[in-house]
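Q: Structure provided below as structure tokens; questions to follow.
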């Protein structure tokens, strides 16, 4: 079960991209005209990718729900004054004998209701023993004003998971087609990672995306969402079935929600089923 948890964290690392950030496309994390973006995120997406799990067999599946409070508005009140403060994320991962499927949905929430939704769904195809799988992915979403440009990705993923399930990482180079973009043929490189330490009490995970997408802010875009979690059920006084984690996420972007670099932290809760 520890190994499965490790695989899932690696996968979910990216897949923590957030819907609200923009309408980009992925692994994880990719949006469309990073302008349709001034919404917020927090996962992702957990870009963080669309991560993959190789070597997982059987029908076991993993799922979690996250709730992030975003500090983008107070930190960048001039440029992100309309950014939602709360993002809810649902992530799901299911392995099978032909590979694995992962998806997440980000919902940006406000006092008047849902402001934006963004999703990424990816499939790792692998029925062989090598640590390389074929990768296909779709990204898309919408906010109250418009739909984000759909993105379709195709590539290959290299996955490494330590035998004890304590740490692992993936690397996925992809061709990326962004529909309705003036230069639809692009590329993306996504990395994800996870590391459990102090007997699983703490988890450090995340993703990093680097892709080409002509927009108002530039041509090359970078996005990363490292997360740090305290897993409460690892405390001696807490029941093993109390699967609540508390933590934080830092959204690091360049030419994504605006020109140049932005660093947006969150406070977060996560329940793992």
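Q: Can you give the Rg and Dmax of the range 90-139 based on its C-alpha atoms, in angstrom?
A: 14.9, 50
Q: Normalise the Cα radius of gyration of the range 60-109 by 2.2 N^0.38 Å (N = residues in it) and let me know the number.
A: 1.61
Q: Test of understanding: what is the full-extension gain from residue 94 to residue 112, defined as 0.36 nm times their sequence separation minus their Cα-Cα distance?
A: My answer for the length gained is 3.1 nm.
Q: Further, regarding this structure: Take residue 201 and residue 147, extend 7 Å from each Cα along the Cα→Cβ direction, and tell me the distance between the two endpoints in nm.
A: Placing both labels 7 Å beyond Cα along the Cβ direction yields 4.9 nm.
Q: So if R0 is 22 Å, what FRET efficiency would residue 271 and residue 73 give, r being the distance between their Cβ atoms, rounded to the nearest 0.05?
A: The pair residue 271/residue 73 has a calculated efficiency of 0.30.
Q: At residue 132 and residue 189, where each label point lies 7 Å from the Cα along Cα→Cβ, what is the point-to-point distance in nanometres?
A: 1.6 nm
Q: Once you have the Cα-Cα distance between residue 261 and residue 243, take 0.36 nm times their residue separation minus that, and quote the gain in nm to one decimal.
A: My answer for the length gained is 3.0 nm.
Q: Next up: With a ≥ b ≥ c taken as the square roots of the eigenvalues of the C-alpha gyration tensor of the range 87-189, please select rounded if a/c is under 1.5 and otherwise prolate if a/b is larger than b/c or oblate if it is not?
A: Taking the square roots of the gyration eigenvalues as a ≥ b ≥ c, the range 87-189 is oblate.
Q: Separate question: Arrange 119, 172, 219 by Cβ neighbour counts within 10 Å, fewest through most, would you?
A: Result, fewest neighbours first: 219, 119, 172.
Q: If we sort 127-140, 238-251, 84-97 on the protection proxy, mean other Cβ atoms within 10 Å, highest first, what's the order?
A: The most tightly packed comes first, giving 84-97, 127-140, 238-251.
Q: Tell me the label-point distance for the pair residue 177, residue 61, using the 7 Å Cα-to-Cβ offset, in nm and rounded to one decimal.
A: 2.8 nm
Just so you know, all these numbers are worked out from the coordinates, no wet-lab data involved. These numbers were taken from a predicted model, which means no experiment stands behind them. Don't worry about glycine lacking a Cβ; one is built from the backbone with ideal geometry, like all the others, and counts go over all protein chains shown.
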